[in-house]
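> Submitted below is the structure of interest, expressed as structure tokens.
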Amino acid sequence: MARGEGRPEGTAALEALMGRRLGRQCLYTPSCRLALYVALRHWCGPGGRVLMSSVNDDVIFFVVLAAGLRPVQAPLDPVDGSIDVAAVPEETWRGLSAVITTNLYGNPDPVAALRARCDAAGIPLIEDAAHAIGSRLPDGRAVGTVGDAAAFSLSKHVGAKTGGFLAFAEPGLRPELTALRDALLEPAALGSEALYAVRPYAEAGVRGLRLVRAAHLALRLLGAEERQEIRMPLRAGELRRAVAAAPGLDPFESWVRVDMHPYRVAPGRVRLRRTARLLGDLDRRLALHRAGTAALLRSRWGSGHGEPGAGGTRTQPLFRVPLLVSDRDAAIAALARRHITVGYLYDPPLDVYAAGNDPDSSAAFTDPSPLPRPAAWFARHALPVDPCRADEVLRVLDGLPITPVRPPAAVTRDGAAEGSGGGG
Ligand SMILES: Cc1ncc(COP(=O)(O)O)c(C=O)c1O
């Protein structure tokens, strides 16, 4: 079946449910990364420049490149990895064609300030709300309702391991965005649905049934066991050829599909049924995330973040709580010994990642951040903890010879601007 024939049937109910939550139009996509790609292709002409965060999934970096756009790395706040709007140089604003927020781990980016800057520059604001499905801004608005478009992932809080939404304000855009999405879809394949159906069993580690090898094979085929390191290999030579062929997903397939090979496969009935059940349970899950977030931030390990509820906002139902610790590797190792896996690490920042693999032309793929130290410090010290396992995590951390840390003066905006030492 040719690309574009496999339209997702049965997604209307999911779109209506999410649409009611957000008060925005919602278009189902097989993944958040595809929603972002659709948004970038619709709102930005190829050849443009997009301000984004360097502490982000590398997949998103490749999505931006696939859309024929050049990533421009923003200065970040070292406390939560959000974009430091005031530190973005004026000349950077003049050359941009869009801004993408990350809302890292569920902490909202300062979208009111970003919205104002984007409006002044006449460019779109695109919210990546993958980690922030239940997060709210200080004024009470939901993350994902401020930008021209927002992309949600149903693989995070919802736990469906498939699916996403593109949210947008204008009902009149639906036919065009639907056509754009449909042209990118691959048909639902029986094998892909079957793999999806066995995935929970594969992940449960069915040792007793002697299915471990089959389970790992299934995960590899799903793209869930592809990374040896935090960052995937960049493959600079191949990437340069792909960039020359942009825009288009096909040249970037091997990068964009990492962790989720069926990222653009139209959903079959198994996927949709499981997604509907899990999305219906979202409020209960958000309550668990919120309670765990409060417990972690109340502990001494959350001291770098201030009190939950500070500034009149409620505790966010964070997807992960980025505790700031003195020795992150020691914490990860100790947690692994208790079978608690720490994922969603984004270290090093994307500009360092891109340069490290291509020292001859360090700015070949992205404009580096003008203030790299806050991002590097946050990327090195953030321990993204699943709030649903807050009690276990706190027990492990409390038994370790490591400490909570706060960003030192050297990596705050002023200190970084003076170029003083890195701070550990
Ligand atoms: C910040 C961020 N945005 C987008 C995505 C992509 O989500 P999906 O896997 O649904 O494509 C991820 C995936 O982990 C992510 O971490």
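> If you go through region 230-275, how many residues are of a type outside the set (Lys, Arg) and within 16 Å of the ligand (Cβ to nearest atom)?
19
> Okay, moving on. Go through the residues of region 104-115 one by one and say whether even a single one is in contact (Cβ under 8 Å) with a residue 12 or more places away in the chain, under 30 Å from Arg273 (Cβ atoms), within 16 Å of the ligand (Cβ to nearest atom) and crowded, with 20+ Cβ neighbours inside 10 Å.
yes
> State which residue pairs qualify: first residue surrounded by fewer than 18 Cβ atoms within 10 Å (Cβ to Cβ) and inside region 177-202, second residue in a strand (DSSP E or B) in any location, beta carbons under 7 Å apart, and separation of 6 or more residues or different chains.
Within 7 Å, the pairs are Thr178/Leu27; Ala189/Val265.
> Also, quick follow-up: Considering only residues that are among the aromatic types (Phe, Trp, Tyr), closer than 19 Å to Leu22 by Cα and in a helix (DSSP H, G or I), which ones fall in region 164-199?
The answer is none; no residue qualifies.
> A follow-up question, please. Might you check whether a residue that is touching a residue at least 12 places away in the same chain (Cβ under 8 Å), on the phi > 0 side of the Ramachandran plot and more than 9 Å from the ligand (Cβ to nearest atom) occurs anywhere in region 131-141?
no
> If you don't mind, there's one more thing I want to ask. What's the number of the condition Ala113 fails, among (1) touching a helix residue (DSSP H, G or I) at 6+ places or on another chain (Cβ under 6 Å); (2) assigned to a loop (DSSP other than H, G, I, E, B); (3) small (Gly, Ala, Ser)?
(2)
> Conditions: (1) farther than 20 Å from Arg290 by Cα; (2) within 15 Å of the ligand (Cβ to nearest atom). Cys118 meets all but one. Number of the miss?
It fails just one condition, (2).
> Residues that are surrounded by 24 or more Cβ atoms within 10 Å (Cβ to Cβ) and within 16 Å of the ligand (Cβ to nearest atom), at least 3 per element: which helices (runs of 4 or more DSSP H) completely within region 1-95 meet that?
So the answer is 32-43, 58-66.
> Only residues that are farther than 15 Å from Val411 by Cβ, in a loop (DSSP other than H, G, I, E, B), of a type in the set (Asp, Glu) and at pLDDT 95 or above: list them for region 318-377, please.
Asp327
> Let me ask something else about it. Kindly evaluate Ala151 against the criterion of being modelled with pLDDT of 80 or more and either β-branched (Val, Ile, Thr) or away from the ligand (no atom under 16 Å from the Cβ) (or both).
Spelling it out, it is not the case that Ala151 is modelled with pLDDT of 80 or more and either β-branched (Val, Ile, Thr) or away from the ligand (no atom under 16 Å from the Cβ) (or both).
> Could you check, for region 185-193, whether at least one of its residues is at pLDDT below 90, closer than 25 Å to Val38 by Cβ and within 16 Å of the ligand (Cβ to nearest atom)?
Looking through region 185-193, at least one residue is at pLDDT below 90, closer than 25 Å to Val38 by Cβ and within 16 Å of the ligand (Cβ to nearest atom).
The values are calculated or read from the model by the stated rules, or taken from the named source; none is laboratory data. Quantities reported herein were computed from a predicted structural model and do not represent experimental measurements. Here Cβ is always computed from backbone atoms with ideal geometry, including for glycine, and neighbour counts include all displayed protein chains.
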